[in-house]
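S.K.: Would you mind keeping the following structure in view while I ask a few things?
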Amino acid sequence: MPRAAARPRHGGLVVTAVLAALLLGVGAPAAYGLWRATTTATATLAGGAVSTPTNLACASITSPRVARLTWNAVTGATSYTVSLVRDQNSQQMGPFTTATNTIDITSGLLGGLSGLLAGATFTATIQPVYSTSAWVGGISAPIKVQLYSVLGGMSCA
Amino acid sequence: MRLVRAGLVLGVALVLGAGATAAHAYWKAQSALTAGTVVTGDMNVAAAWSPSAPAWAAIYPGESRTANLVVSESGSTGTTLQWTLQVSGAVAAASSAYGSVQIWVGACGTGTLVYSPGGGSVTYPASGSLLPTDTVTLCVQVSMAANAPAAAQNAALAPTITVTANQKGS
C-alpha cells in the first residue's frame, strides 16, 4: 500500500517535469530573436500657398477679332476663372473658366450681344482656382476690353 | 550502547568515505589551442536618396512628389545573413490628415507596393530573401489630398521613411 501510494506522487513529479520541459521548449524559440536593423530617411517638403495672377495683359487679335488676355501662370492652380463686368451698368458676364493662363474674349463668349452697344467696355479680372475650395487665390489687377462693333468682335480698350 | 557506538563508527566511516570520493579527482590533461580571432558580426541597413536628396518644390492640393531611395544591407564584410525588407512612411503629425506616403519597390505606381497608408507595410520580397550584397531601389511618393484645408498652406509635411532589414531565418 505504501508503494501504491508513492507511485502517484512519483508520477506527478514526472508529469510536472515533462510539462516544465515542454514550456521551456516552447519558450525557447520565442526568446530566440532574429537580428534587425533600422534606419530612416527624411526629406523636406512643404505645402504651397495661394497666389495672385500678375502681369495681366490684353492683345487685340484681328482675325478673328478677339481680345486675348494673358497673365503669369500661378503655381498649383488647376484652372482660372475670368470675370467680366460691364462698366456701363455693372452687368456681370461669366465667370468663364480656362485651364491655361490665357483666354480669348470673343463676342460669342459674351453670348447675347443684343442690348450691347459698340464701344461697351468691360473690366476683366482673373482668379486662380485650386482643387480645393478651401484655397482661394488672389484676384488680378483689372484690365479693360471693349466690344468692337455691334456685329461682333472684341478688342482691348 | 554498543549499538550506538557501532552506529557512530559506521556514520564516521560513511562520512569519510563520501569525502574521500569527493576528493578523488579523475585524471585530466589540457592544452591551449591557438585559433584565429573570432568576432561577432553585425547586421546593418543603409538608405540613401538617389541620386541625391530630393529638392522638392512646394506641393499643392492633388499633387504628388516622388524620389528614389536605395536601400542596402551594410553589415560586416563576409556576413551571410539573409534579410527581408520592411518600410513605412509618414508625414508630420500635423499634416497627416491631408499628407500621405506611398512606397514601391521599383517604379512609383507600377512597381511592387510595399507601403501605403491603407495597406500598411508589406514584407519584401514576399517569398525568399535578399542576400547581404543586394540593394533595393524604392520609389517614394508623397501626396497632398485634393481637399487639403487652407491650413496646409506653407505647412511642413516633413516625410520620414523608416527602413528595416529583418534577418531571414533559415
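The values are calculated or read from the model by the stated rules, or taken from the named source; none is laboratory data. Note that this is a predicted model, so its numbers are computed, not measured. All Cβ positions, even for glycine, are placed from backbone atoms using ideal geometry, and neighbour counts span all protein chains on display. Accessible surface is based on the protein model in full, side chains and every heavy atom, while ligands, DNA and RNA are left aside. Shrake-Rupley method; radii C 1.70, N 1.55, O 1.52, S 1.80 Å.
S.K.: Which whole number gives the average count of other chain Cβ atoms within 10 Å of the Cβ atoms across peptide B:42-50?
M.R.: Taking all residues of B:42-50 together, the mean is 3.
S.K.: Continuing with the same structure: Per 0.36 nm of contour for each residue apart, how much would the distance between A:D87 and A:A57 grow if the chain were fully extended, relative to their Cα-Cα spacing?
M.R.: 9.0 nm
S.K.: Would you list B:L131, B:L69 from the most to the least accessible area, probe 1.4 Å?
M.R.: Details: B:L131 85, B:L69 0 Å².
Descending accessible area places them as B:L131, B:L69.
S.K.: Evaluate peptide B:74-81: per residue, the Cβ atoms of other protein chains within 10 Å of its Cβ; return the mean as an integer.
M.R.: Mean shielding by partner chains, rounded to a whole number: 1.
S.K.: Work out the P(r) tail for region B:19-115: percent of alpha carbon pairs separated by more than 19 Å, whole number.
M.R.: 66
S.K.: Would you tell me the mean number of C-beta atoms belonging to other protein chains that fall within 10 Å of each C-beta in B:56-69, as a whole number?
M.R.: Average neighbour count from other chains, rounded to a whole number: 4.
S.K.: To the nearest 10 Å², what's A:L34's accessible area with a 1.4 Å probe?
M.R.: Only protein atoms counted, so the area is about 80 Å².
S.K.: Could you tell me which chymotrypsin sites (Phe, Trp or Tyr not before Pro) in region B:43-147 are loop residues by DSSP with no more than 13 other beta carbons within 10 angstrom of their beta carbon?
M.R.: none
S.K.: Label 7 Å along Cα→Cβ of A:I139; region A:66-102 residues with amide nitrogen under 14 Å?
M.R.: A:81-87, A:90-96
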